[in-house]
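The values are calculated or read from the model by the stated rules, or taken from the named source; none is laboratory data. Here the structure is a predicted model, which is why all the values come from computation and not from measurement. Accessible surface is based on the protein model in full, side chains and every heavy atom, while ligands, DNA and RNA are left aside. Shrake-Rupley method; radii C 1.70, N 1.55, O 1.52, S 1.80 Å.
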Amino acid sequence: MPKKRRRDMTEWWLTYLGPAQVGNIRGPRKALTDDERARDAELQQGFERVVDASGRSFLVQRPATGS
């Protein structure tokens, strides 16, 4: 019989305090569609993660480039 994997503290907290989502967080991930990949790339290019003096991180929109 396989031994049950023990969760670390972070994973345990994420069960209760993690981001809201539907489905089993430990289940297999679904394959991404081309539209989802394009949206992710657009978000990655459009925003930048910034850390302020207190250590809090947040996203800011990158300035538009163009003529």
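What number of residues within segment 39-67 satisfy the criterion of being open to solvent by less than 90 Å² (accessible area, probe 1.4 Å) and charged (D, E, K, R)? Please lay out each step first, then the result.
Here is the first cut: in segment 39-67, the ones open to solvent by less than 90 Å² (accessible area, probe 1.4 Å) are 40-41, 43, 46-48, 50, 52, 55, 57-58, 60, 66.
Subsequent filtering for residues that are charged (D, E, K, R) retains 40, 48, 52.
Number satisfying all stated conditions: 3.
Are any residues in segment 21-49 more than 30 Å from Pro63 (Cα to Cα) and either at pLDDT 85 or above or of a type in the set (A, V, I, L, M, F, W, C) (or both), and if so, which ones? Working first, answer last.
So the first thing to find is which residues in segment 21-49 are more than 30 Å from Pro63 (Cα to Cα), and the list is 21-31.
Result: Val22, Ile25, Ala31.
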